[in-house]
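The values are calculated or read from the model by the stated rules, or taken from the named source; none is laboratory data. Source: prediction; values computed, not measured. The accessibility values were calculated without ligands, DNA or RNA, using every heavy atom of the protein model including side chains. Shrake-Rupley method; radii C 1.70, N 1.55, O 1.52, S 1.80 Å.
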Amino acid sequence: MTVHEAWERVENWLRSHAPAAYDSLPGPATPDEIRSTEQTIGRALPQELVDSLSRHNGSGEFVLPNFHRLNDANMIAVECMEYRRAEDDRRMGVDVSALPPGGFFYWNPNWTPFAHDESGNSLFLAQARGGSPGSVGVHEKDGGGSFPQHRALTSFTALLEYTARGLHDGIIDLWGEQETYVDDDGFLEWREAGADDEVAWSMDEMGRRFGFD
């Protein structure tokens with residue numbers, strides 16, 4: 001499945017089930033916007049990411065599992081440079097021989113951040129020399145990058161395809177088992193599988209649920 005085919009499956013589901021999320025999808029990035037990002041970071045973007053940006057420049061209110069939002073072209077450039085500065089700061093005055101395996105404390109300049117959550121964590125593509133698509137990694141704000149082993153994280157395309165399949169199936173098993181939920185306004189959420197549809201916030205109900213006196 002290509003990036004465009006995966007996006008078409010996502011769009012079809014959102015149009016029918018989460019219209020507000022569908023309406024929020026941005027239009028395509030322009031070639032100049034993509035070119036500007038590449039000039040800023042000093043290298044070409046992975047082709048599958050270019051294909052996605054050429055269809056939607058970010059994801060609006062549509063969220064991938066675990067509430068990751070796709071970055072637009074400008075945010076990719078901004079985050080790349082911020083991560084590089086953070087890595088440079090950590091390397092100041094450090095003997096190169098003291099660097100951990102891989103040679104980086106915090107951020108590898110060949111990583112491309114393509115999505116973020118609301119807690120300062122990111123998803124990135126490990127870009128190989130020559131621009132070949134790589135695997136999806138997770139970058140934690142207070143830590144660094146890692147590569148969880150999951151078939152959905154072998155590439156950006158695989159992640160988008162896996163998300164599309166999860167939408168149509170109603171459930172996904174990536175960051176734990178999550179299921180789709182659409183709120184009354186038509187926005188998509190991902191919730192822990194089997195969670196109650198509503199949470200009553202009265203003290204009596206809280207006591208019943210959690211055993212308070």
Subject >> Accessible surface of the chain, 1.4 Å probe, proportion on carbon and sulfur as whole % >> reply: 47 percent
Original post:
Using a ≥ b ≥ c from the Cα gyration tensor of the chain (square roots of the eigenvalues), is it rounded, prolate or oblate, where a/c under 1.5 gives rounded and otherwise the larger of a/b and b/c decides, a/b for prolate?
Top reply: oblate
Subject >> Candidates D183, D117, D95: whichever shows maximal mean-square fluctuation once the chain is modelled as a Gaussian network with Cα springs under 10 Å >> reply: D95
Original post:
GNM on the chain, C-alpha springs below 10 Å: top fluctuator among S54, S155, S16?
Top reply: S16
Original post:
Once phi is turned into ³J(HN,Hα) by the Karplus curve 6.51 cos²θ - 1.76 cosθ + 1.60 with θ = phi - 60°, what whole-Hz value does each residue of the range 173-190 show in order, with x for glycine and proline?
Top reply: 10, 10, 9, x, 7, 10, 10, 6, 8, 10, 7, 5, 8, x, 9, 7, 10, 10
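Can you give me the relative contact order of the chain as a percent, contacts being Cα pairs under 8 Å and 6 or more apart? It would help to have the intermediate numbers written out before the result.
Details: 330 pairs, mean separation 42.8, N = 213.
In percent, rounded to a whole number, it is 20.
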